[in-house]
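The values are calculated or read from the model by the stated rules, or taken from the named source; none is laboratory data. Because the structure is predicted, anything quoted here is derived from the model rather than measured. A quick note on method: Cβ atoms are made from the backbone with ideal geometry, for glycine too, and the neighbour counts reach across all protein chains shown. Side chains included, ligands, DNA and RNA excluded: accessible areas come from the protein's heavy atoms. Shrake-Rupley method; radii C 1.70, N 1.55, O 1.52, S 1.80 Å.
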Amino acid sequence: MLLQHLLNAVATSLGTLLQHFLLTRSVPMRRPRLFVALGTGLPVAIWFVNIYILTEPHWICDFLVLLEIPLFTILFTAKGHRVKGLFSMTIFLA
């Protein structure tokens, strides 16, 4: 059971890491390493707490993860490329 939880966390982390890495390659970013680290670590940690630690998953945790994605994209995308960054992130999420 614990192994399954760890594999789920690793798979989610790798998928999110790949998504953020591709976004940094398609849109000019300020501090791309920080964007990838925070953009991967924070939502996976919130997701892990929501699924495995809370007795019943809560919608606020899901909302925080969805709010974090455009917020980090806006904060870390270079000026003049923010709309392209939001569009690219939407495409990668879909």
*Find how much the distance from Glu68 to Tyr52 grows on full extension, using 0.36 nm per residue of separation minus their present alpha carbon separation; answer in nm with one decimal.*
3.7 nm
_Rounded to 10°, Cα long-axis angle of helix 2-26 versus longest principal axis of the chain_ = 0
*For the Cα atoms of the chain, what angle does the longest principal axis make with the long axis of helix 59-76, in degrees from 0 to 90, nearest 10?*
20
*Where does the chain land at 222 nm, in deg cm²/dmol rounded to the nearest 500, when only DSSP H runs of n ≥ 4 count, each adding -39500 (n - 2.57), divided by all residues?*
-26000 deg cm²/dmol
_Average Cα contact separation per residue, the chain, under 8 Å, 6 or more apart, as relative contact order %_ = 33
*If you place +1 on the Cβ of every Lys and Arg, -1 on the Cβ of every Asp and Glu, and leave all else neutral, what size is the dipole of the chain about its Cα centre, to the nearest 20 Debye?*
640
_Leaving out ligands and nucleic acids, and using a 1.4 Å probe, what accessible area per residue does segment 49-90 come to in Å²?_
69
_Unit charges at the beta carbon, dipole of the chain: most positive-side option, Ala11, Met29, Ile60_ = Met29
_Rounded percent of accessible protein surface that carbon and sulfur make up, the chain, 1.4 Å probe_ = 73
*Please give, to one decimal in nm, the separation of the simple spin-label points placed at Phe21 and Ala37, each 7 Å out from Cα toward the Cβ.*
1.7
*Label point 7 Å out from Lys79 along Cα-to-Cβ: which residues of segment 23-64 have amide N under 16 Å?*
28-31
